[in-house]
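Below you'll find the structure, written out as structure tokens, and then a few comments.
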Amino acid sequence: MRSRLRLFLPLLVTLGLGSLLWLGLGNNPYSQDEATLGRTLPAWQSDNLLDGSQIQTASLKGEPFVLNVWASWCANCRAEHPLLGELASTVPLYGLNYRDEGDAARAWLIQAGNPYRAVLADPDGKLALELGVYGTPETYLFAGDGTLLTRHTGLLTQKIWQRQFAPLLDKARADGQIKAATTAPAIATSARETQP
């Protein structure tokens with residue numbers, strides 16, 4: 001009986017490990033993106049890679065915006081760069097330069113063109129860690145109040161933008177206009193009430 005068990009033990013262990021591997025392959029590693037939706041942009045201060053001035057994440061808020069995590073050493077970041085150049089004319093676009101050398105990043109932007117309004121320098125990856133960044137590239141869409149609407153891990157394409165980002169951007173803009181329209185009369189009314 002023991003000799004038979006010894007014969008089948010390696011087979012049982014192999015089948016068990018194979019089953020675990022099969023289950024693991026079925027998991028979508030990007031499904032964790034949904035777990036971060038609704039979180040707000042962490043309060044953070046960083047050097048602006050473009051001019052060395054201090055920039056706070058709070059200053060990015062006000063209207064819906066995109067935050068793109070990139071690095072000069074990232075091949076997929078280079079591949080998505082032309083699309084970012086197109087998007088920069090339609091939505092406020094900010095960069096988060098992740099674990100990169102400042103000089104190399106600035107040189108890349110000079111060579112390829114700079115689509116960003118500002119670039120937060122994150123040479124040690126601390127802000128990226130707070131955001132939940134897996135790697136580069138990653139693209140985040142935030143509402144004007146800093147609430148995360150969606151994110152994409154990996155190469156951003158026109159198809160992904162149109163399917164995942166554009167509808168949420170349109171909705172966030174419409175929601176912002178509705179909020180502005182509903183608060184404006186209250187301000188105007190209170191201003192009239194203070195006049196004699």
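The values are calculated or read from the model by the stated rules, or taken from the named source; none is laboratory data. These figures come from a predicted structure and were not determined experimentally. FYI the Cβ positions are ideal-geometry reconstructions off the backbone, even for glycines, and counts take in every protein chain you see. Please note that ligands, DNA and RNA were not included when accessible areas were found on the heavy atoms of the full protein model with its side chains. Shrake-Rupley method; radii C 1.70, N 1.55, O 1.52, S 1.80 Å.
Need the full-extension length gain, Ser89 to Asn76, defined as separation in residues times 0.36 nm minus the C-alpha distance. One decimal, nm.
On the way: separation 13, 0.36 × 13 = 4.68 nm, distance 2.13 nm.
Contour length minus the Cα-Cα distance gives 2.5 nm.
Below 8 Å between Cα atoms, with a sequence gap of 6+, how large is the relative contact order for the stretch 117-170 in percent?
Numbers: 39 pairs, mean separation 14.2, N = 54.
Once normalised by length, the contact order is 26 percent.
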- What is the spin-label model distance, in nm, from Arg173 to Arg99 if the labels are put 7 Å beyond Cα along the C-beta direction? 3.5
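If you take the Cα atoms of the stretch 66-128, find Rg, then find the Kirkwood Rh from the mean of 1/r over all pairs, what is Rg/Rh? If you can, show how the numbers build up before the last one.
Values: Rg = 10.7 Å, Rh = 11.6 Å.
My calculation puts Rg/Rh at 0.93.
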- Task: Give me the accessible area per residue for the stretch 33-126, probe 1.4 Å, as a whole number in Å².
- Result: 48
- Could you tell me the accessible area of Ile110 in Å² (1.4 Å probe, neighbours in place), rounded to the nearest ten? 140
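Can you work out the FRET efficiency for the pair Thr157 and Ile110, with r the C-beta to C-beta distance and R0 = 30 Å, to the nearest 0.05?
Values: r = 25 Å, r/R0 = 0.83.
The calculated FRET efficiency here is 0.75.
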- At 20 °C and 1.002 mPa s, grab the translational diffusion coefficient of the stretch 70-179 from Stokes-Einstein with a Kirkwood Rh over Cα pairs, rounded to a whole number in µm² per second. 147
